[in-house]
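To start, the structure under review is shown below, and the notes come after it.
Bear in mind these aren't lab numbers, they're just calculated from the coordinates by the rules spelled out. The structure displayed is predicted, hence computed values, not measured ones. Here the Cβ positions follow ideal geometry from the backbone for every residue, glycine too, while neighbour counts run over all protein chains shown.
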Amino acid sequence: MSVCSAGLWRNNPGLVQLLGLCPLLAVTSTLINGLALGLATLLTLLVSNTLVSVSRGWLRPEVRIAVYVLIIACAVSAIELAMNAWFHGLYTALGIFVPLIVTNCTILARAETFASRQPVGWAMVDALAMGTGFTGVLIVLGGLRELLGQGTWLAGAALMFGPHADAWTFSAGDAYPGFLLAALPPGAFFALGLLLAAKNWIDRPVAAQAAPALTADS
Amino acid sequence: MADYALILLGTVLVNNLVLTQFLGLCPFMGVSRKLETAVGMGLATTFVLTLASLASFLMHTFVLVPLELEYLRTVAFIVIIAALVQFTEMFVRKISPMLHNVLGIFLPLITTNCAVLGVALLNVQRAHGFTESVLHGFGAALGFTLVLVAFAAIRERLLLADVPGPFKGNPIALLTAGLMSLAFMGFSGLVQG
């Protein structure tokens, strides 16, 4: 339970640990791009955490980091090839950020700090929680920037869910002028900064309530 | 010659690695709290990034393409980068213990700096030649160092600023980065492409 809540909120890789910032900011110009990269990262995390946890018994500690990196790189290459074959439109839209999942620090950090010390089951739960937390941030950020920047929602869903998904796209209409700043790189920094501040603000009452209780006990 | 100067100028200012391409953000946020560490990280990254774009170009042109193994590109590049970082560390430790003290702790971090792998992949994607690849790597690293050092200097000042509660720490740093990015947008149009 605490493993789940850590990945989803308390220790969210995107918002708290600030790991994997590059894809977080780069691909979130639309919601679908964010969702696609989030799922690819989730899958990589699942594969790498599982393999790392399985191999933790007989892997020599001196070479472990190199082996982790190789495991991750192989998983990413496989996912890259699969995406190129089945979701070619998405693959071209995400560009180099699919292979760059290899250097997403979240994955290596989870392998080193969690999966290498826990049984396979827990490692998989952790991968799912962390991956979902990361995907969630990508979706929120992508949705926000898409809505503000282009006045659309779920544009390009057909790339992921097939042609019938085109009907899902919401558009604010041609009257919406578009807010260019949100779609440009600076908008990504601003949006994430505001999102972090919002999370701090939501967490603040909890901290304020917990503190007096502690002093009362002592 | 003018072409090469344009590539260099373009990668340093116009298509800045950090602020417009979103590569290398982890060290950008992570080691920018102090000016000295930022300078150290910038130097180490410049060295590795230039070498890595050279090595990955050679690997891609003379090994992967003739053997038709292009799909192994990601794995091959990350292995090259990891090996390069390791050799650089050993080399620097042997040659100059003083430099090793400055750069030592940053070198292992560079392996997971997506800027290094990113530039190597971009070189392949844009079909850069030998000189272009090396210049692109060097320019990208210069741009990275420039922005990292400037950002660290701003953050040292930011510590003294009176910031509203929820914005303390990382949120205000990200907003600052956004403003820097906005400023760098002003360079677009300086170089075509």
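Modelling each spin label as a point 7 Å along the Cα-to-Cβ direction, I'd like the A:LEU8/A:ARG64 distance in nm, to one decimal. The answer from the label model is 2.9 nm.
Rounded to two decimal places and with Rh computed the Kirkwood way over Cα pairs, what is Rg over Rh for the protein assembly as shown?
Values: Rg = 21.5 Å, Rh = 22.3 Å.
Here the Rg-to-Rh quotient is 0.96.
Rounded to the nearest Hz, the phi-derived 3J(HN,Hα) couplings of region A:127-133 under the Karplus curve 6.51 cos²θ - 1.76 cosθ + 1.60 (θ = phi - 60°) are 4, 5, 5, 4, x, 5, x, where x marks glycine and proline. Under a 5 Å amide H cut-off, with hydrogens placed 1.01 Å from N, A:TRP153 pairs with A:PHE170 among residues at least 5 apart or on other chains.
With contacts taken as Cα pairs under 8 Å and at least 6 residues apart, region A:10-210 reaches a relative contact order of 32 percent.
Let me spell out the model: positive unit charges on the Cβ of Lys and Arg, negative unit charges on the Cβ of Asp and Glu, origin at the Cα centre of the protein assembly as shown. What dipole size does that give, in debye rounded to 20? Spell out each step's value before the answer.
On the way: 18 positive and 17 negative charges, 167 e Å.
It comes to approximately 800 debye.
Taking Cα centroids, how far is region A:93-127 from region B:89-142 in Å? That distance is 24 Å. Divide the volume of the convex hull around the Cα atoms of region B:2-185 by the residue count and you get 124 Å³ per residue.
For the protein assembly as shown, the 222 nm mean residue ellipticity estimated from helices alone, with every DSSP H stretch of n ≥ 4 adding -39500 (n - 2.57) and the total spread over all residues, rounds to -21500 deg cm²/dmol.
When the Kirkwood radius is taken over all Cα pairs of region A:10-210, what Stokes-Einstein diffusion coefficient follows at 4 °C and 1.567 mPa s, in µm²/s?
Reported coefficient: 72 µm²/s.
The loop-placed chymotrypsin sites (Phe, Trp or Tyr not before Pro) in region A:1-75, going by DSSP, that have at most 13 neighbouring Cβ atoms within 10 Å of their Cβ come out as A:TRP58.
Go ahead and set up a Gaussian network model of chain A, Cα springs under 10 Å, then flag whichever of A:ILE32, A:ILE71, A:ILE202 fluctuates most. Maximum fluctuation in the GNM of chain A, among the listed residues, is at A:ILE202.
Sites listed here are GluC sites (Glu not before Pro) in region B:66-144 whose DSSP assignment is loop and whose Cβ has at most 11 other Cβ atoms within 10 Å: B:GLU68. With chain B treated as a Gaussian network of Cα nodes joined by springs under 10 Å, which of B:PHE130, B:PHE57, B:PHE144 yields the largest mean-square fluctuation? Fluctuation is largest for B:PHE130.
Of the residues A:GLU62, A:GLU146, A:GLU112, the one that moves most in a GNM of chain A with alpha-carbon contacts below 10 Å is A:GLU62.
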